[in-house]
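The values are calculated or read from the model by the stated rules, or taken from the named source; none is laboratory data. Everything numeric here is computed off the predicted structure, so don't read it as measured data. Heads up, the Cβs are rebuilt from the backbone with ideal geometry, glycines too, and the neighbour counts pull from every protein chain shown. Protein only, heavy atoms only, side chains kept; ligands, DNA and RNA dropped before computing areas. Shrake-Rupley method; radii C 1.70, N 1.55, O 1.52, S 1.80 Å.
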Amino acid sequence: MPRPRLTQVRQLKSDMGANRGTGSRGKPGSLLRRGTVLAACAVVLATGVAACSKPPSSGSVNTTSGAFGSVPSASGTAHAGTITWAEAPGSAPTWIFPVTPGADLSTYTLFIFQWGMWRPLYWLGNGVRPVMVPSMSLAYPPVFSGGDKTVTVRLKASYRWSDGQPVTSKDALFFLDMVRAAVKESAANWGLYTPHIGIPDQVVSASTPNAATLVLHLNKPVNPLWFTDNALPSIQPMPAHAWAKASANGPLLDFTDPANAKKIYDFLAKQSGSTGTYATNPLWQVVDGPYRLTAFNNTTGGYTMVPNSSYGGPHSAVVPTVQAIPYTSDTAEFNAVLARSIDIGYMPLSDVPQLNAVKAAGYHVFGYPVFGFSDVNYNFADKTGDFNNIINQLYIRQALAHLENEEGYIKAFFHGAGGLAYGPVPSVPTSPYAPANALKNPYPYSVATAAALMRSHGWHVVPGGASTCAKPGTGAGECGAGIPAGTKLAFNVLYVSDPVIFGEEVTAWASDAKKVGIDITLQSGTFNHVATVADDPGSPKTINQWAMADWGGGPDASYPTTLGVFNTGGSLNAGFYHNPQADKLITASVTSGNPSGVKNEASYLTQQQPSLFQPNPDFIIVWKDNVSGQPAAIQAMTQQVLNTELMYLTN
């Protein structure tokens, strides 16, 4: 499924590549930013925006809403039963303890598996809209004070643990102390961790003045919008009364003592490493979410969850049991759909032409892009052929953007199930942070415009040949700093070979680039190979081996800052992009109280094109006609969230 990104909840491995591919860049500013993706799922879903081209006759794309298909209103009488859900290849959860290591962090493990049992403090995502949902959150909206350095969170009284104990502020504090203990041992112990940013490093102290109140004191002011949407949702209250111990039968310990916190964390992490005991370990039966685990196959990754009768959040009148059915390939999953042997499944992009057969089998169909972006990453540090100096010229990046035929790619390669995207914030799903230049292409497809840009900046353009710098220098009409006379526009592009749409897109782009004398050498490889070569900003030993790389993309947090991705020295800035104005805007978006901070950041980056932003495929879900529920819950599946507690079976 899609390819993720995570920034403070932006490091998830995700299937944000399922229709688009895999991705790898992750966390500092939001709940999701490029995390490595499950390449095996790469043909199922993707980030995306409004549909923009004429769909195949078998499909139905609404260009106004950006949706492929539609979701009917809830109907029928609820009956008890089990809903089977298709688990895509390679997406099995591998960790149950909410403090999840980076190696195990994925949207399947966190959003679908863990969040079914342990709810986050704040719930983000209302259907396809990347916004907070107060009714599904454990707490009321936070209150900021003290110059935005103090955060007060008040928990709702309606949530209880499955053993009858109330969910309290102490349980939220317990999570914070477990995270502190985890990252003190190793930063890799919590996949959502970014040093010095957000949770837990910006929290100087935390207190629980009463059972319903958690107070966080921060080391510096933050933008309340960013901290609310990207940091606080990473907190998952955990049952301190049942888990604050260092052995199965040991006494409860004071977890606020760092020495005890380490012992408790080590014990719980060790228990979580024993996947074969997930369904039998009493620890994991104490939940506050809508479900508890009753079966887990640690070989296949299949599992069963039954309703938690103590759940205090919204739910249907008859909450169904949910059974995750693992598949070894997309072909096997789609065959199961056609055979009507799965209740909720997905439709790979390559199978969109069979939409009528899916409907004939008795399924509803709905597709929508995940909130995020897909891109080809530029390497601003590659000195091969003076590429670093070439790509540092804005007009070059603008020309490359003009050579990308997004509408054509969607029609030819996505079968109409996708949408246009021009920067780090897409136009669909609808976000209050989308800048104006995210809604209309600032660099529309035009080979002629690309050629004119190059000529006006000193290049001798040779269509079908090799364009060269004819006027070196930094003045008007010259090639730019560091570009010698005779320099050729020739460079390589690495791309992930699976799914095939990666190759299809960059091949079409390279063909158009050749029309203006830009010679692109395409090099395909596995996701791991491309990520190894082109995604190692901390140890850039391969820095001169790649000019551009396409490994995917991923979902953003609802407050979509690119902190960590496009700021100078960012831990996920694999392309070594450096722009003082971008740094200033990114910093302001997370530290100032300006409500337009991230919109200003996104607008500037869309104009500057630090990457080649690509169109985003839809993630297409299918569900049997006897499965109903709140439309928002069904829509949310396109965003990698499974809220079957809001669904039901009608027979």
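Does anything in segment 611-651 have its amide N under 16 Å from the 7 Å Cα→Cβ label point of residue 75, and if so which residues? From segment 611-651, the list is 623-632, 648-651. Other residues within the sphere of radius under 15 Å centred on the Cβ of residue 515, judged by their own Cβ, net out at -1 (K and R +1, D and E -1). Summary value for segment 379-489: 23 percent relative contact order, contacts being C-alpha pairs under 8 angstrom separated by 6+ residues. Across segment 329-380, counting alpha-carbon atoms alone, Rg and Dmax equal 14.8, 51 Å. The ellipsoid equivalent to the alpha-carbon distribution of segment 340-417 has semi-axes of 41, 13, 10 angstrom, derived from the gyration tensor eigenvalues as √(5λ) and listed largest first. With contacts taken as Cα pairs under 8 Å and at least 6 residues apart, segment 523-583 reaches a relative contact order of 29 percent.
Annotation: residue 207 carries an accessible surface of approximately 50 Å², with a 1.4 Å probe and no ligand, DNA or RNA atoms counted. Select from 313, 575, 647 the residue farthest towards the positive end of the dipole of the chain; place +1 on Cβ of Lys and Arg, -1 on Cβ of Asp and Glu, and compute about the Cα centre. Positive-most Cα among the choices belongs to 313. The aspartates and glutamates whose alpha-carbon is closer than 14 Å to the alpha-carbon of residue 541, local same-chain residues fewer than 8 away aside, are 382.
Computed from backbone phi with θ = phi - 60° and the Karplus coefficients 6.51, -1.76 and 1.60, the 3J(HN,Hα) list for segment 97-108 is 5, x, 7, 9, x, x, 5, 10, 7, 8, 5, 5 Hz; x is used for glycine and proline. Think of a 1.4 Å ball rolled over the protein heavy atoms: the chain then has 32 Å² of accessible area per residue.
May I ask you to list the residues of segment 92-110 whose amide nitrogen lies under 13 Å from a point 7 Å from Cα along the Cα→beta-carbon direction of residue 277? The answer is none, because no backbone nitrogen lies closer than 13 Å to the label point.
Kirkwood Rh over Cα pairs of the chain into Stokes-Einstein at 10 °C, 1.306 mPa s: D in µm²/s? Rounded to a whole number, D works out at 64 µm²/s. Among the trypsin sites (Lys or Arg not before Pro) in segment 484-583, those located in a DSSP loop and surrounded by at most 16 other Cβ atoms within 10 Å of their own Cβ are 515, 541.
Give me the percent relative contact order of segment 383-444, please, defined on Cα pairs under 8 angstrom at least 6 residues apart. Relative contact order of segment 383-444: 25 percent. Once all protein chains are placed together, residue 112 keeps about 20 Å² accessible to a 1.4 angstrom probe.
What's the carbon and sulfur percent of segment 127-221's accessible surface, probe 1.4 angstrom, rounded to a whole number? For segment 127-221, the apolar C and S fraction of the accessible surface comes to 56 percent. What does the net charge come to around residue 524 if you take all other residues with beta carbon closer than 13 Å to its beta carbon, with K and R at +1 and D and E at -1? So the environment of residue 524 carries a net charge of -4. Computed across segment 94-164, the Kirkwood radius stands at 14.1 Å (inverse of mean 1/r, all Cα pairs). The alpha carbon centroids of segment 318-360 and segment 409-446 are separated by 28 Å. Taking Cα centre as origin and charging only the Cβ of basic (Lys, Arg, +1) and acidic (Asp, Glu, -1) residues, the dipole magnitude of the chain rounds to 720 debye.
Protein heavy-atom surface of segment 432-516, 1.4 angstrom probe: 60% of the accessible area is carbon and sulfur, with nucleic acids and ligands not counted.
D by Stokes-Einstein for segment 524-591, Kirkwood Rh over Cα pairs, 10 °C, 1.306 mPa s: 121 µm²/s.
Secondary-structure-derived ellipticity at 222 nm for the chain, considering helices only, amounts to -6000 deg cm²/dmol, per-run term -39500 (n - 2.57) for DSSP H runs with n ≥ 4. Compactness check for segment 520-651: Cα Rg over 2.2 N^0.38 Å is 1.39. So if I take the centroid of the Cα atoms in segment 243-298 and the same for segment 578-647, what is the distance between those two points in Å? If you average the Cα positions of each part, the centres end up 33 Å apart. Summing charges over neighbours of residue 471, with a neighbour being any other residue whose Cβ is under 13 Å away from its Cβ, gives 0 when K and R count +1 and D and E count -1.
With 19 Å as the limit on Cα-Cα distance, the pairs of 488/515; 440/599; 471/515 that go past it are 471/515. Candidate cross-link partners of residue 170 among the lysines, defined by an alpha-carbon separation under 30 Å and a same-chain spacing of 8 or more, comprise 13, 27, 149, 156, 184, 220, 245, 262, 263, 270.
The 3J(HN,Hα) values that the Karplus relation (6.51, -1.76, 1.60; θ = phi - 60°) gives for segment 256-261 are, in residue order, 6, 7, x, 5, 5, 4 Hz. Gly and Pro appear as x. In straight Cα distance, which lysines are under 26 Å from residue 624, not counting same-chain residues fewer than 8 positions off? Answer for residue 624, where 26 Å is the Cα cut-off: 359, listed by chain and number. Counting heavy atoms of the protein chains alone, residue 340 has an accessible area of about 90 Å² for a 1.4 Å probe. Largest to smallest in accessible area, the residues 132, 238 fall in the order 132, 238 (1.4 Å probe, all protein chains included).
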